[in-house]
């Protein structure tokens with residue numbers, strides 16, 4: 001994504017992935033830290049934002065509407081604009097084609113979790129990225145056990161390493177792989193009640 005930012009011209013990014021994998025956090029907090037200005041439009045939380053696209057799909061018209069709606073001047077050379085849950089607004093999806101063609105110097109990102117259900121899609125006009133839940137290796141990185149990580153990477157086959165890794169694997173099956181649930185699990189020192197509170201769920205059910 002930083003490579004994308006450093007290009008002279010770019011297509012809008014569309015970040016796809018399941019809900020709760022951290023798409024919004026990645027775009028707004030982590031990637032957004034590299035920008036002077038960050039604007040996030042959440043079409044799931046605020047369906048009336050679709051009105052921004054009601055009269056025109058021209059980027060200049062859309063940007064003017066955003067400025068009026070948010071009462072803010074957009075720094076067109078330094079702003080990161082995020083269309084969050086863009087699948088809730090087909091017009092916003094369609095507008096990405098025109099941003100690609102007319103505003104290749106701007107930083108436009110979109111995210112969604114129902115991209116495959118869209119009525120239409122601007123093929124060839126987007127840079128598609130997909131964010132997945134945590135892998136098992138990422139799960140035990142979150143456990144903050146650097147010596148165990150080192151043993152894993154060194155393919156340590158000792159009984160001690162095996163038992164520790166197997167114990168974490170069971171935890172991973174129980175907690176699932178969504179970042180918030182994993183973070184809450186390790187911060188709660190393995191309190192099972194935290195899973196329901198954070199929306200976590202097992203990776204699969206064991207009978």
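Please verify whether the range 153-161 includes one or more residues that are at pLDDT 90 or above, in a helix (DSSP H, G or I) and surrounded by fewer than 17 Cβ atoms within 10 Å (Cβ to Cβ).
Scanning the range 153-161, I find at least one residue that is at pLDDT 90 or above, in a helix (DSSP H, G or I) and surrounded by fewer than 17 Cβ atoms within 10 Å (Cβ to Cβ), so the answer is yes.
Within the range 30-51, track down each residue that is closer than 18 Å to residue 99 by Cα and free of Cβ contacts under 8 Å to residues at least 40 places away in the same chain.
Passing the criteria: only 51.
Does residue 49 meet the test of being outside any strand (DSSP E or B), assigned by TED's automatic domain parsing to the domain that holds residue 35, at pLDDT 95 or above and surrounded by 20 or more Cβ atoms within 10 Å (Cβ to Cβ)?
The answer is yes for residue 49.
As an exercise: evaluate residue 122 against (1) modelled with pLDDT under 85; (2) touching a strand residue (DSSP E or B) at 6+ places or on another chain (Cβ under 8 Å) and give the number of the one condition it does not meet.
Residue 122 satisfies every listed condition except (2).
Among the residues of the range 14-25, are any at pLDDT 95 or above, surrounded by fewer than 16 Cβ atoms within 10 Å (Cβ to Cβ) and assigned to a helix (DSSP H, G or I)?
For the range 14-25, residues at pLDDT 95 or above, surrounded by fewer than 16 Cβ atoms within 10 Å (Cβ to Cβ) and assigned to a helix (DSSP H, G or I): absent.
I'd like the full set of residues that are out of contact with any helix residue (DSSP H, G or I) (no Cβ under 8 Å at 6 or more places or on another chain) and either without any contact (Cβ under 8 Å) to a residue 12 or more places away in the chain or assigned to a loop (DSSP other than H, G, I, E, B) (or both), limited to the range 97-115.
Just the residues of the range 97-115 that are out of contact with any helix residue (DSSP H, G or I) (no Cβ under 8 Å at 6 or more places or on another chain), to begin with: 97, 100-101, 104-105.
Across the range 97-115, the qualifying residues are 104, 105.
With (1) part of a loop (DSSP other than H, G, I, E, B); (2) in contact (Cβ under 8 Å) with a residue 24 or more places away in the chain; (3) in the same structural domain as residue 23 (by TED's automatic domain parsing) as the list, and residue 123 as the residue in question, which single condition is left unmet?
(2)
For the range 33-46, give me the residue count where each residue is farther than 17 Å from residue 94 by Cα and buried (at least 20 other Cβ atoms within 10 Å of the Cβ).
Of the residues in the range 33-46, 0 are farther than 17 Å from residue 94 by Cα and buried (at least 20 other Cβ atoms within 10 Å of the Cβ).
Tell me, yes or no, whether the range 66-85 has at least one residue that is in contact with a strand residue (DSSP E or B) (Cβ under 8 Å, 6 or more places away or on another chain), within 18 Å of residue 52 (Cβ to Cβ) and either at pLDDT below 90 or in a helix (DSSP H, G or I) (or both).
Looking through the range 66-85, at least one residue is in contact with a strand residue (DSSP E or B) (Cβ under 8 Å, 6 or more places away or on another chain), within 18 Å of residue 52 (Cβ to Cβ) and either at pLDDT below 90 or in a helix (DSSP H, G or I) (or both).
Among the numbered criteria (1) modelled with pLDDT under 85; (2) in contact with a helix residue (DSSP H, G or I) (Cβ under 8 Å, 6 or more places away or on another chain); (3) loosely packed, with under 14 Cβ neighbours inside 10 Å, which one does residue 207 miss?
With respect to (1) modelled with pLDDT under 85; (2) in contact with a helix residue (DSSP H, G or I) (Cβ under 8 Å, 6 or more places away or on another chain); (3) loosely packed, with under 14 Cβ neighbours inside 10 Å, residue 207 is out only on (2).
The values are calculated or read from the model by the stated rules, or taken from the named source; none is laboratory data. Everything numeric here is computed off the predicted structure, so don't read it as measured data. Because the Cβ atoms are built from the backbone with ideal geometry, glycine has one as well, and the counts that use them run over all protein chains shown.
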